[in-house]
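Structure record follows, encoded as structure tokens.
Derivation of every value follows stated rules applied to the coordinates shown; laboratory data play no part. Computed from a prediction, not measured in an experiment: that's the story for all the values here. A quick note on method: Cβ atoms are made from the backbone with ideal geometry, for glycine too, and the neighbour counts reach across all protein chains shown.
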Amino acid sequence: MSRFWSQVARELVPYVPGEQPKVAGLIKLNTNENPYPPSAAVQQALQETVLDTLRLYPDPASSALCEAVAELHDVTPAQVFVGNGSDEVLAHAFHALLQHEAPVLFPDVTYSFYPVYCRLYGIAHETIPLRDDFSLVVEDFARPNGGIVFPNPNAPTGMALPLMEVQKILRTHPDSVVLVDEAYVDFGAESAVVLVADYPNLLVVRTLSKSYALAGLRVGYAIGHPDLIAGLVRIKDSFNSYPLGRLAQIGALAAVRDQAYLRHTCASIAATRDYLVRQLSERGFTVLPSQANFVFVRHEAEDGALLAALLREHNILVRHFRQPARIAPYLRITIGTPEHCQALVDVLDTYFLFRSQTGNLMACE
Ligand SMILES: Cc1ncc(COP(=O)(O)O)c(C=O)c1O
């Protein structure tokens, strides 16, 4: 705390990102990154970039990228907004579209950045408890609100909401912006982008960090009615008019154009997910049904924090959340390559064998 901090800075509770350690040889299954490289087209596009162009500011509107995204989703460029990672797109959406008198609603177990944006922008919020099985029941959102936000699939559960249910929310709340955060949709859920034409209150947010393997480039986008997009642009142009550098625009454009590669890597990850689900289920884990590039699991007898610490000792990072309390027994495990997942299963097997022989916690090497 410093006497120079503003009241906002003093009262914030910042989001804590997953660890990004600089340890060689680590198997990183903690921040839902893609285990495969980006499309070769991205590398080629970046290599062809002439260094001298970096003297000049980039296109503030990222027009070529917006056009490519629009073409991909069969919408107009006026229905597309791009930002420096979907976190920035979400931040602008909270600021531009969700700051009203009534509280914003989101599930109690969800992406933990949402309450942080609420605090940052002074937005009241209420959490809607997911059911005991972590399912989202759309009727539970039937209360006055200044907007509704949820990821689909949800994070950190990985559970997807069918499109019909998303449509029900949109129909029941025509006067609220409904923001569907589709960070993980390419791994198997139904996208709400097809509903944008019918619902002027729908904003769908996507990222290139997960399915396109471009977490390091920081590119995300939103699709919605041109009026919603214009609101986002007003905030962006009052904050940072050049959110995407030249390299980000060039790389993202090449990635978006290579849909064959996207489909191929997402299919590989879904197949590895099926394999890991089977392996973990056979070893006493309850695995929530995931349509994402991660699984949310709890062991019938072992503590989540303890298993995370055990895996870490063996250079495998997974994510464990202490809050809210009902998810503390769980681990969120990103789907890596088949080899990564096998390494994780092998560590668990060694540990369970040791446990069955000695009854001791930890200490197995
Ligand atoms: C649900 C959800 N939304 C958005 C993001 C932000 O992604 P990025 O800022 O990398 O686009 C994440 C990142 O983990 C996420 O889990």
Local electrostatic count, residue 156, Cβ distance below 10 Å [Lys/Arg +1, Asp/Glu -1]: +2
Packing-based exposure ordering (other Cβ within 10 Å, fewest first) of 257, 143: 143, 257
The range 267-331 versus the range 137-216: alpha-carbon centroid distance in Å: 24
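In the range 1-91, which trypsin sites (Lys or Arg not before Pro) are in a loop and have at most 13 other Cβ atoms within 10 Å, using DSSP for the loop call? Walk me through the numbers on the way to the answer.
Working: sites: 3, 10, 22, 28, 55; in loops: 3, 22.
Answer by residue number: 3, 22.
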Net charge, residue 290 excluded, C-beta distance under 12 Å - Lys, Arg +1, Asp, Glu -1: +1
Value of relative contact order over the chain, rounded to a whole percent, pairs C-alpha under 8 Å and six or more apart: 22
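Please grab the % of Cα pairs in the range 283-365 that end up more than 16 Å from each other.
Pairs farther apart than 16 Å: 52 percent.
Which whole-number value in Å³ per residue fits the convex hull of the alpha carbons of the range 41-257?
Working: hull volume 24.1 nm³, N = 217.
Normalising the Cα hull of the range 41-257 by residue number yields 111 Å³.
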Peptides 168-180, 220-232 ordered by average Cβ neighbours within 10 Å, highest first: 220-232, 168-180
Mean separation of Cα contacts under 8 Å (6+ apart) over length of the range 41-257, as relative contact order %: 29
Antiparallel DSSP beta bridges within the range 41-257, percent to nearest 5: 40
Share antiparallel - DSSP beta bridges, the chain, percent rounded to 5: 55
